[in-house]
Amino acid sequence: MKKWLLMLCFVCVGAHAENWQNIGGSEAANLSMDIDSIKDVNGIREAWSLWNFSTARPNNEREFPTLKSYKDKHQYNCKDQTMKLTNEIIFADNDGKGPKRDHSDALKNMQFAMPVPNSVADAMLQLVCGYKTPSK
């Protein structure tokens with residue numbers, strides 16, 4: 001977790017950084033967040049993240065058997081320190097490229113939940129809730 005938080009601190013420093021900021025990962029997977037997508041909507045923040053995998057991961061769709069990346073949009077209730085997944089798009093290639101499938105319909109009944117302490121989800125929550133959004 002310390003590694004994740006250290007990386008998150010570096011991300012928060014750059015005010016004019018590019019959209020996708022590397023958060024961290026391992027040889028198997030890497031996580032980036034689209035800093036420009038962080039916004040506040042009626043007291044709930046939302047942001048997109050991108051997972052890249054070094055090797056293709058299995059997918060249950062017959063016509064789309066593997067994926068190498070996916071983009072997720074989460075909503076974050078910073079006051080309650082909870083989050084929920086609202087959108088998920090899987091891609092055949094890294095960096096959200098190639099053929100894709102939108103699995104967002106399966107997430108319609110997701111509820112806000114508190115992430116496990118010191119988890120990747122907790123680090124994402126801390127990043128998004130600690131980010132200073134541009135004033136309007």
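If I ask for residues that are of a type in the set (A, V, I, L, M) and either at positive phi or surrounded by 18 or more Cβ atoms within 10 Å (Cβ to Cβ) (or both), which ones from the range 107-120 would you list?
The initial filter retains those residues of the range 107-120 that are of a type in the set (A, V, I, L, M), namely 107, 110, 113-114, 116, 120.
Once the filter is applied, which keeps residues that are of a type in the set (A, V, I, L, M) and either at positive phi or surrounded by 18 or more Cβ atoms within 10 Å (Cβ to Cβ) (or both), the range 107-120 yields only VAL120.
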Item checked: When residues of the range 72-106 are limited to those that are over 19 Å from MET33 (Cβ atoms) and acidic (Asp, Glu), the one surrounded by the most Cβ atoms within 10 Å (Cβ to Cβ) -> ASP93
Item checked: Within the range 70-101, tally of residues that are more than 15 Å from the chain's Cα centre (by Cα) and among the charged types (D, E, K, R) -> 6
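I need the full set of residues from the range 29-52 which are part of a loop (DSSP other than H, G, I, E, B) and touching a residue at least 40 places away in the same chain (Cβ under 8 Å), in order please. Show your work before the answer.
The initial filter retains those residues of the range 29-52 that are part of a loop (DSSP other than H, G, I, E, B), namely 38, 42-43.
Once the filter is applied, which keeps residues that are part of a loop (DSSP other than H, G, I, E, B) and touching a residue at least 40 places away in the same chain (Cβ under 8 Å), the range 29-52 yields only ILE38.
Residues are listed down the side, and each one gets a yes or a no for (1) within 24 Å of GLY25 (Cα to Cα); (2) not in a strand (DSSP E or B):
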residue	(1), (2)
GLY98	yes, no
GLN111	no, yes
PRO115	yes, yes
LEU125	yes, yes
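Given the criteria more than 17 Å from the chain's Cα centre (by Cα), open to solvent by less than 50 Å² (accessible area, probe 1.4 Å) and not acidic (Asp, Glu), does GLY130 qualify? Reasoning before the result, please.
Working: more than 17 Å from the chain's Cα centre (by Cα): no; open to solvent by less than 50 Å² (accessible area, probe 1.4 Å): yes; not acidic (Asp, Glu): yes.
Answer is no for this residue.
For the subset of the range 45-69 comprising residues that are of a type in the set (A, V, I, L, M, F, W, C) and more than 18 Å from the chain's Cα centre (by Cα), which member is modelled with the lowest pLDDT? Steps first, answer last, please.
Pass one, the range 45-69, residues of a type in the set (A, V, I, L, M, F, W, C): 47-48, 50-51, 53, 56, 64, 67.
Among the residues that remain, those that are also more than 18 Å from the chain's Cα centre (by Cα) are: 56, 64.
Numbers: ALA56: 96, PHE64: 89.
Per the criteria, the residue is PHE64.
Are any of the residues in the range 4-22 of a type in the set (D, E, K, R), over 13 Å from the mean Cα position of the chain (by Cα), in a loop (DSSP other than H, G, I, E, B) and modelled with pLDDT of 50 or more? Write out each step before concluding.
As a first pass, look at the range 4-22 and keep what is of a type in the set (D, E, K, R): 18.
Among the residues that remain, those that are also over 13 Å from the mean Cα position of the chain (by Cα) are: 18.
Keeping just the survivors that are in a loop (DSSP other than H, G, I, E, B) gives 18.
Subset that is modelled with pLDDT of 50 or more: none.
No: zero hits.
The values are calculated or read from the model by the stated rules, or taken from the named source; none is laboratory data. Here the structure is a predicted model, which means the values were calculated and not measured. Note that we place each Cβ from the backbone using ideal geometry, even for glycine, and neighbour counts take in every protein chain shown. To get the accessible areas, we keep the full protein, side chains included, count just its heavy atoms, and leave off ligands, DNA and RNA. Shrake-Rupley method; radii C 1.70, N 1.55, O 1.52, S 1.80 Å.
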